[in-house]
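See structure below.
The values are calculated or read from the model by the stated rules, or taken from the named source; none is laboratory data. Only a predicted model underlies this, so the values are computations on that prediction, with no experimental measurement involved. Here Cβ is always computed from backbone atoms with ideal geometry, including for glycine, and neighbour counts include all displayed protein chains.
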Amino acid sequence: MNNKSYTNNNEIFEIMKKKHILILFFVIIGMASCSDFLNEESGDEVIVKTVSDYKELLLGSGYPSPTGKLYNTLYLLDDDYMLNEKSMWDPDNDYEGAVSAFPFFTWQPDMWENQNVNKTYYDDCYAMTYERIVGVNAVLDGIEEAVGGTRQDMDIVKAEALALRGYYYFMLVNIFGKPYKTDKESLGVPLKLNADMNTSGLDRNTVAEVYAQIVRDLEESSELFCKYPKTRGDFRFNIPSVNIVLCRVYLQMENWDKVIEAATTAIDNGNPITNYTLLPAKNGTMASYDYSEVELLYGNGYSTCSLPGFKVSDELIGLFDDNDMRKVLWFYNGNVYKKRLGSKRTPTNAIRISEAYLCRAEAYARKNNDDAAWKDLTKLRENRYKDYVPQRPTSNEALIKDIVKERRLELCFDEVRWFDLRRNGMPSIVHLYKTKSVDEWQKYVLKDNDPMYTLPLPNEVIQENPALRQNESAAMPKRPASV
């Protein structure tokens, strides 16, 4: 497939149902790259008719925008980032990067309302995700009536759209709903399954209901992809990447058999793990299809190394062994070269086949199949550690601990860590904060099982739709610094 355009076509304003779908865009940006397939009717109105039209619509309005920052806030919540004192070069003025990150980095209940100092780096992921879902739903509403393509072309577009919707709802329900294993009957997020943008009166579905829809979407996507030859390198979902997202879902549900099934499908259809021990020992751009293990690149041209004033936490760096080539290739002076450092229009997030091995290893270990778990873990480590000497843990408990640690190392800054913390007991986290180099560090603590492990909904969203019920974390007092 051809990577035609990474210009955002902006959000869909309204959808009218007839034989074709009429889409009204607020502003058409970058039409030079899209005018060859959009049939302009009048003003901002465009008709989407062909399978190719829907394919381009999905790319522009369904896939995460490379100019957006949908889930950057997740990196501020977990334990893999810390403020970089060296960035605070002006002793007389507050460092803007620290001020902007404060409500997220210190887990404040008004985080969405208090981020108005600088929204350059942190989007309202609730509203922005639903805008993407509307674009995806527009494709799903109309793709079966599209003309000018083969059944395979139509199925692939549909498979991508289903994968995206499953991915988006997985992100939303794990940000704004309680962990599945903690209380699956608690409030999740509203399920919006058509392209009508009117959300008035739409209440929140339960976590279990949202997960059921996610599984339906991702499983159907996988079935459609499996009918045809695999594609790779086109910045779109494929067989391995959708099954790796399925692994994430089933891990949260603790459905170990389904984790193994999805991971095996990904591995059987995926490229081999990249052998880091054969790469030159220099910092490079690891979010690239040049590396065999990368199955999908998507979204977020502002990579995590672009968040102002932050660096990789000392705790995370300290977990890497000296002979671990990830430490050499991914990090330098606190910057994250695992992501792309460069163009804001180049996707920086990656789904890699190595994640499938880790998911399967954990599932095997949870089922007490230590031999199979150790085999998958060893497969990854042989491609990461120079002069690797296997040292098998002596108990199942120790093996699971090893796998959990390896997930933290391998999947850091891959939109996984915060969700892993939620499903593995919601432990306490400490962040140190200040805005000037001359200030004393202030300590902020996220407690064990803290309500803020489920983020509050933005108040603006509730004002627009009073049917929505707020999370208990919104009613918490301002989180103070502790001694």
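Side notes on the structure shown:
- Qualifying residue in region 171-182 (condition: in contact with a strand residue (DSSP E or B) (Cβ under 9 Å, 6 or more places away or on another chain), farther than 27 Å from residue 57 by Cβ and outside any helix (DSSP H, G or I)): yes
- So residue 112, is it of a type in the set (Phe, Trp, Tyr), farther than 22 Å from residue 420 by Cα and either in contact with a helix residue (DSSP H, G or I) (Cβ under 8 Å, 6 or more places away or on another chain) or surrounded by 20 or more Cβ atoms within 10 Å (Cβ to Cβ) (or both): yes
- Residue 206 being under 20 Å from residue 473 (Cα atoms) and touching an Asp or Glu at 6+ places or on another chain (Cβ under 6 Å): yes
- Pairs with Cβ under 8 Å, 6+ apart, first in region 112-139 and within 23 Å of residue 94 (Cβ to Cβ) and assigned to a loop (DSSP other than H, G, I, E, B), second at pLDDT 65 or above and among the basic types (Lys, Arg): 121/69; 122/69; 123/69
- For region 206-227, filtering for residues that are in contact with a helix residue (DSSP H, G or I) (Cβ under 8 Å, 6 or more places away or on another chain), of a type in the set (S, T, N, Q) and within 22 Å of residue 181 (Cα to Cα) leaves 1.
- Residue match in region 282-291 (condition: over 24 Å from residue 402 (Cβ atoms), within 20 Å of the chain's Cα centre (by Cα), at pLDDT below 95 and of a type in the set (S, T, N, Q)): yes
- Scan of region 409-424 for residues that are touching a Ser or Thr at 6+ places or on another chain (Cβ under 6 Å) and in a helix (DSSP H, G or I), ordered by number: 410
- Among the residues of region 211-223, those identified as buried (at least 21 other Cβ atoms within 10 Å of the Cβ) and more than 18 Å from residue 264 (Cβ to Cβ) are 211, 214, 217.
- Single match in 480, 466, 456 (criterion: in a loop (DSSP other than H, G, I, E, B) and either at pLDDT below 95 or under 30 Å from residue 352 (Cα atoms) (or both)): 466
- Qualifying positions in region 409-427 - under 15 Å from residue 354 (Cβ atoms) and aliphatic (A, V, I, L, M): 409, 411, 416
- Looking only at region 224-245, and only at residues there that are in contact (Cβ under 8 Å) with a residue 60 or more places away in the chain and in a helix (DSSP H, G or I), the one that is surrounded by the fewest Cβ atoms within 10 Å (Cβ to Cβ): 224
- Of everything in region 355-383 that is touching a residue at least 60 places away in the same chain (Cβ under 8 Å) and within 23 Å of the chain's Cα centre (by Cα), the residue that is surrounded by the most Cβ atoms within 10 Å (Cβ to Cβ) is 356.
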